[in-house]
1. Find the residue count for the stretch 370-422, including only residues that are among the polar types (S, T, N, Q) and in contact with a helix residue (DSSP H, G or I) (Cβ under 6 Å, 6 or more places away or on another chain).
2. I'm trying to understand the selection: among the residues of the stretch 386-395, which are of a type outside the set (V, I, T), closer than 15 Å to C323 by Cα and free of Cβ contacts under 8 Å to residues at least 60 places away in the same chain?
3. Name every residue in the stretch 352-382 that is assigned to a helix (DSSP H, G or I), in contact (Cβ under 8 Å) with a residue 12 or more places away in the chain, under 17 Å from I324 (Cβ atoms) and of a type outside the set (A, V, I, L, M), in order of residue number.
4. Taking the stretch 360-377, which residues are surrounded by fewer than 22 Cβ atoms within 10 Å (Cβ to Cβ) and of a type in the set (A, V, I, L, M)?
5. When the stretch 396-413 is examined, which residues are found to be aliphatic (A, V, I, L, M), free of Cβ contacts under 8 Å to residues at least 40 places away in the same chain and surrounded by fewer than 20 Cβ atoms within 10 Å (Cβ to Cβ)?
6. Among (1) part of a helix (DSSP H, G or I); (2) crowded, with 20+ Cβ neighbours inside 10 Å, where does S150 come up short?
7. Among the residues of the stretch 324-344, are any in a helix (DSSP H, G or I), over 24 Å from the mean Cα position of the chain (by Cα) and at pLDDT below 85?
8. For the stretch 225-246, check the following and say yes or no: at least one residue is under 17 Å from the mean Cα position of the chain (by Cα), over 29 Å from L135 (Cβ atoms) and β-branched (V, I, T).
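The values are calculated or read from the model by the stated rules, or taken from the named source; none is laboratory data. Values in this document were obtained by computation on a predicted structure and should not be read as measured data. Note: ideal-geometry Cβ built from the backbone for every residue, glycine included; neighbour counts use all protein chains shown.
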Amino acid sequence: MFIPTLYNTKLRIMSRQSRYSSSLIENFENDNIETVVENDNAETVCEIFDVINTGDSKNVKEKHKPIKTMSREEKELLWKIDIRVIPLFALLYAFSFMDKVNIGNAKLEHFEEDLNLTENQYNMILSSFFVAYILFEVPSNIVLMNTRPSVWISFIMLACGIILICTAAAQNYLQIMILRFLLGAFEAGFFPGTVFYITKWYKNNEENFRISLFVSTATIAGAFSSLMSFSVSTFFHEANDLSGWQWAFIIDGTLTCAVALFSYFLIPDSAGTASWLTRRERKLAIERLSHEPSYHEDYTEKHQILEAFKDWKIYMAMLLYFCILAPLYSFSFFIPSIVNGLGFNALYSQLLAAPPFILGSGSSLIVAIASDRAGLRGPYLVCCLLVAIMGYALLIMQNVSIPVKYLGACIVGIGLFPCVPTSITW
């Protein structure tokens, strides 16, 4: 999961010019460019087309004067994009995250006993998800870059919902293993694809807070998954001869399918085709991104793909991301079992698994705002990792009270969850 994710990060940076160049040409083809900008700023659009034609943004910047931004208009545009794009993808990512981690709550609802699984088999089922995630992350994002986001992203969510519903009908180890593998294959493209999609709307210095917004909803989704499992265990257990974990998968899968169908009609494929933007706003949305330093051409060039693998910074970022995601996903999958191990029964373990996610959501937003204002990523990332280490230290300490250990679990959530958006946008 980690190498493809960093590769996709490099790939989506390289792809910006070709994606936006085609959008520019399409939207400017039959239009009077002079209506886009003021007369004293006419070179702005000229500069865009020079980049498109020459592929050399460095020389173009030397030829043309700095861009005069329309600050008030740009702020209004950003607000409009924020309202339309971020809540929708926050909702989608919330269900995507919940689809992944709900198996942790299922374990407390006799999931292993009903399917006659050993502890080792349960761990293999968890691993099968990530094997598929690694294999299909890059292919999925190649498909995304060559099709409409509204089609591919909604299809991913619909497929995940159907797989979850089918999981409720699984009868043995082989069936559940295949279903989790398929879930990983479809989930693989969602998060990196969403990050890539965000870059089609925002500048690099605007991305951290926006990504943190929908990542924070994922942590809330983790809390919601625990609360939903608690409710299902209380009211639906053994209803129609189905166990609580089966009802949880059915409800989660049904909601995911509904959100997928809903999203197909609401996801704008690009700024150039967004029906809720005016003609002028579409042009401004394209223009403001064309001047990003990472505005490159022809992302399919072989030498650029090789460049991504030869860049040592990619491997350092890969190592960093591994050090973040390994504890984050293990914590997300096993927090119900961790709480259960503190002495709480299965029902209350699901309920008490929610607060670490909620606290992680709040800390993600706080860190995003602070790091954006300071213009720094590294120091905040290090601080968050140190906080998470402190939480883990409390969890593994002997001869401490149960409340202190539970406090440690909450501190882990506070420290871990902000690390994902901060590292991605560094």
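1. Count: 2.
2. Hit for the stretch 386-395 is L386, nothing else.
3. P356, F357, G360, S361, S363, S364, S371, G378, Y380
4. Those that are surrounded by fewer than 22 Cβ atoms within 10 Å (Cβ to Cβ) and of a type in the set (A, V, I, L, M): L365, I366, I369, A370, A374, L376.
5. Result: I396, M397, V400, V404, L407.
6. With (1) part of a helix (DSSP H, G or I); (2) crowded, with 20+ Cβ neighbours inside 10 Å applied to S150, the lone miss is (2).
7. No, the stretch 324-344 has no match at all.
8. no
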